[in-house]
Amino acid sequence: MNEISDPPSPAETRWRILPQGDRCLIVSFGDQIDASVGRTCLAAARKLRDARLPGVTDVVPSFVAVAVHYRPGGHGEGPTYATLVEHIQALLAGGIPIDATGGREVDIPVCYGGEHGPDLDEVARAARLTPEAVIQLHSQPRCMVFMLGFAPGHAYLGVHDKKLNIPRRPSPRTAVPIGAVAIANRQTVIYPNRLPGGWNIIGATPLVMFDPARDPAALLQPGDSVRFVPIGPEEFDRIRGARP
């Protein structure tokens, strides 16, 4: 994963556009993860979507870049890579409104430790903290949803305190329970389904993170601001039992 650094100033915002196969291009804003670059990616993605450029089929933000998928031109029916780059350069040169990311404030209840967080004690030892201090660092400040990836509704959040700069597990699990809340490299992921994974599980949420019958299907969206709210096992069971 990319290195995490201090945010750049707005005057330092730059981008590079590179081909990614014959139906996608990447607008790169850097190679280091921080909230400022993340917000720039979200705002740039919003601007590119709103422009409704001919032939563009999807715009996907990530930690440090935006993927623009398009249907390549044939007989004048769609854009070429060169013409699409020209349009994107002109749009971004007009300014990227960072405050237009449209994020919500979302509270996510988490039952930390015990059967729901089997790696909490190990994380605490690695960070030279008590389990209670790890929970406090993880739950007190809000964090941003940078992107969805790996699986439908699988959110990547950060950036946490430097004390939570814990690496992934040396051996990944073949099955991580649905709702698991796990950390690595100052980031959090929430597993929307039973999936393989190598992050450190410190808790679980009883909320449904992905439901294809819901609109939108993913509970969290890029740009959302999340606060993790500690709950006990009884509250966890109550919320999970109350789900439809």
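The values are calculated or read from the model by the stated rules, or taken from the named source; none is laboratory data. Quick caveat, the model's predicted, so the values are computed rather than measured. Quick reminder, even Gly has a Cβ in these numbers, built from the backbone with ideal geometry, and neighbours come from all protein chains shown. Accessible surface areas use protein heavy atoms only, side chains included; no ligands, DNA or RNA. Shrake-Rupley method; radii C 1.70, N 1.55, O 1.52, S 1.80 Å.
Within the set of pairs 6+ apart or on separate chains, which have a first residue in segment 165-190 that is among the hydroxyl-bearing types (Ser, Thr, Tyr), a second that is open to solvent by 60 Å² or more (accessible area, probe 1.4 Å), and C-beta atoms under 6 Å apart?
Here the result reads Thr174/Pro196, each pair linking segment 165-190 to a residue that is open to solvent by 60 Å² or more (accessible area, probe 1.4 Å).
Six or more apart or on different chains, Cβ under 8 Å: which pairs go from a residue in segment 84-106 that's on the phi > 0 side of the Ramachandran plot to one that's in a loop (DSSP other than H, G, I, E, B) and modelled with pLDDT under 95? Could you list them?
Gly102/Gly223
Which number in (1) modelled with pLDDT of 95 or more; (2) farther than 25 Å from Gln221 by Cα marks the one condition that His154 misses?
(2)
Name the pairs: first residue in segment 49-72 and basic (Lys, Arg), second residue in a strand (DSSP E or B), Cβ to Cβ under 6 Å, at least 6 apart or on different chains?
Listed by first residue and then by second, the contacts come to Arg49/Val59; Arg71/Thr57.
Arg238 - would you say it is in a helix (DSSP H, G or I), open to solvent by 10 Å² or more (accessible area, probe 1.4 Å) and not polar (S, T, N, Q)?
yes
Taking His75 as the residue in question, decide whether it is modelled with pLDDT of 90 or more, open to solvent by 70 Å² or more (accessible area, probe 1.4 Å) and over 23 Å from Phe146 (Cβ atoms).
It is false that His75 is modelled with pLDDT of 90 or more, open to solvent by 70 Å² or more (accessible area, probe 1.4 Å) and over 23 Å from Phe146 (Cβ atoms).
When Arg142 is evaluated against the numbered criteria (1) touching a strand residue (DSSP E or B) at 6+ places or on another chain (Cβ under 6 Å); (2) basic (Lys, Arg); (3) modelled with pLDDT of 95 or more, which criterion, by number, is the only one it fails?
Tallying (1) touching a strand residue (DSSP E or B) at 6+ places or on another chain (Cβ under 6 Å); (2) basic (Lys, Arg); (3) modelled with pLDDT of 95 or more, Arg142 fails exactly one: (3).
Could you look through segment 25-37, keep only residues that are part of a helix (DSSP H, G or I) and aliphatic (A, V, I, L, M), and pick out the one that is surrounded by the fewest Cβ atoms within 10 Å (Cβ to Cβ)?
Looking at the filtered set, the residue picked out is Ala35.
Kindly provide the set of residues from segment 92-134 that are at pLDDT 95 or above, open to solvent by 40 Å² or more (accessible area, probe 1.4 Å) and β-branched (Val, Ile, Thr), ordered by number.
Thr130
What number of residues in segment 197-214 are under 12 Å from Gly153 (Cβ atoms) and either outside any loop (DSSP other than H, G, I, E, B) or open to solvent by 30 Å² or more (accessible area, probe 1.4 Å) (or both)?
6
Over 16 Å from Arg23 (Cα atoms) and open to solvent by less than 70 Å² (accessible area, probe 1.4 Å), is that true of Thr40?
It is true that Thr40 is over 16 Å from Arg23 (Cα atoms) and open to solvent by less than 70 Å² (accessible area, probe 1.4 Å).
Test each condition in (1) in a loop (DSSP other than H, G, I, E, B); (2) of a type outside the set (Lys, Arg); (3) more than 24 Å from the chain's Cα centre (by Cα); (4) modelled with pLDDT of 90 or more for Gln89 and report the one that comes out false.
Unmet for Gln89, out of (1) in a loop (DSSP other than H, G, I, E, B); (2) of a type outside the set (Lys, Arg); (3) more than 24 Å from the chain's Cα centre (by Cα); (4) modelled with pLDDT of 90 or more: (1).
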